[in-house]
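The structure appears below as structure tokens.
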Amino acid sequence: MVPIFTILICYAVDFGFFFLVASSLNSAARNAMEYAIQGTSSPAQAAEPSAAVISNLAIASIGLSGASTATVSVRICSSAVGVTASNNTTQCATPSTGAGAVAGTPDTDPESPAFQLNRVDVVYTVTPPIPMPVSIFPTRTFHRMVEMRGIQ
């Protein structure tokens, strides 16, 4: 009975860690998106924050010891990166390292001339604190996306 309970406790710790990672990624993506949209509201900041600054903020906001540029991919779609003039959509800065490529295209805002839709994608490859077989939990890459409208 002791080995079975030990295994159950180990899996409970890993499962709890996955919930911690999921909530941390939600918060990190939301913080980075709010900064990307509201960053120019500060009197000390004259221009929109760059994609590199937003990416570093997202990685730091995760707050886990394993979160670094090697395990996290952050894709920023904002007017600081660029705007496609034909349909008023933001262009994206795609990461070349981290947890891998981020799929998906930014949506077009339905009120396009007055508003512009910005997006932050955060992808994190999780390393559980207690190693578990891949057959039990095969997907260890978490993806969170936040979109927010910005006034032109």
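Values computed for the structure shown
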read-out	value
Phi-based couplings in Hz for the range 119-126 (Karplus 6.51, -1.76, 1.60; Gly and Pro marked x)	8, 10, 10, 10, 10, 10, 8, 8
Globularity ratio of the range 2-151, using Cα Rg and 2.2 N^0.38 Å	1.22
Degrees separating the helix 2-38 axis from the principal Cα axis of the chain, which is the longest one	10 degrees
Across the chain: Cys residues that no other cysteine approaches within a C-beta distance under 4.7 Å	Cys10
Most mobile listed residue (Ser23, Ser78, Ser55) in the chain, GNM with C-alpha springs under 10 Å	Ser23
Gaussian network model of the chain, springs between alpha carbon atoms under 10 Å - residue of Val81, Val72, Val13 with greatest fluctuation	Val13
Helix axis angle, 51-62 relative to the chain longest principal axis, alpha carbon, degrees	30 degrees
Value of [θ]222 nm, deg cm²/dmol, for the chain, DSSP H segments ≥ 4, -39500 (n - 2.57) each, nearest 500	-11500 deg cm²/dmol
Choice from Val122, Val21, Val83 with maximal GNM fluctuation in the chain (Cα, 10 Å cutoff)	Val83
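Computed from the coordinates by the stated procedures, all read-outs in this text should not be read as laboratory data. Only a predicted model underlies this, so the values are computations on that prediction, with no experimental measurement involved. Note: ideal-geometry Cβ built from the backbone for every residue, glycine included; neighbour counts use all protein chains shown.
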